[in-house]
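Undergrad: I have a structure here, written as structure tokens, and I will follow up with some questions on it.
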Amino acid sequence: RIVLVGFVSASLILLIFSSFKSQVSAYENQKGVALNNQNYAPVVEWLNKNASKGAVVETTYQSLNDIIPVYTGLNVYYSYYAQFYLNSFDQLEKGLFLEYRLRGLTPEVARRDFPQALRPQISSLLYVIYYRDAYGGYENIPDSVLQKIISDYSEYYNKNWDEVLAQYPLNYIIMDMNQEGAGFSDPDLLNHLNKLAIINSRFIIFSVRK
């Protein structure tokens, strides 16, 4: 009996240690993300003080999009978690397309990157786990489906900003100047934006003029 109790105790200690080690490893993996997210504190503070309650925000950086609904009373135009909620396919597609367009992704780049570098991302963000489960991986989304998305994006990209900004509610756009933001050099877009604040020489907050 003593041997059995000792064995059980040793097993429990090993299990606890293993769980602790696994948890520490998980926290270490997220350390960089957590430290980076601290950069957004001044942006969140500005939004809480100045943005209209319930307004809709879009940013060029998804980590910031993810924390805005958590720390403010605001909504976001698009999130990488949007596919897990009751959103139409059109909302998912237009949200992703706006992010790509603000980052300066042209139809020519889309024709190159959608079938290659962005293939798994598009599959998971627009179709969740469907193609992963049906064909064994996110990257196995059929070429015919990707070609349709490329065609949709080209059509979206060629719309004027009047039409794009009228599709769904959008009140503020935040640009992270550490990221690519070629879309902000578009005079048509800039005609629809009012610059409200520059924070830490990195983030520009615009209101949307429709």
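The values are calculated or read from the model by the stated rules, or taken from the named source; none is laboratory data. Since the model is a prediction, treat every value here as computed from it, not as a measurement. We place every Cβ from the backbone using ideal geometry, glycine too, and count neighbours over all the protein chains shown. The protein model used for the area step is the full one, side chains on, heavy atoms only, and it has no ligands, DNA or RNA in it. Shrake-Rupley method; radii C 1.70, N 1.55, O 1.52, S 1.80 Å.
Undergrad: Return one whole number: the accessible area per residue of region 58-193 in Å², for a 1.4 Å probe.
TA: 48 Å²
Undergrad: When only DSSP loop residues count, what trypsin sites (Lys or Arg not before Pro) in region 101-194 have their Cβ near at most 14 other Cβ atoms within 10 Å?
TA: Lys159
Undergrad: Let me ask something else about it. For region 118-210, compute the orientation-averaged projected area of the C-alpha convex hull (one quarter of its surface), in nm².
TA: The directionally averaged projection comes out at 7.4 nm².
Undergrad: Here's something else I'd like to know. What number do you get for region 33-143 when its Cα radius of gyration is normalised by 2.2 N^0.38 Å, N = residues?
TA: Ratio of Cα Rg to 2.2 N^0.38 Å: 1.20.
Undergrad: List the pairs from Lys53/Lys210; Lys49/Lys94; Lys94/Lys159; Lys94/Lys210 whose alpha-carbon separation is above 23 Å, in the order I gave them. Mind showing how you got there, number by number?
TA: Values: Lys53/Lys210 19 Å; Lys49/Lys94 29 Å; Lys94/Lys159 12 Å; Lys94/Lys210 17 Å.
Violating the 23 Å Cα-Cα cut-off are Lys49/Lys94.
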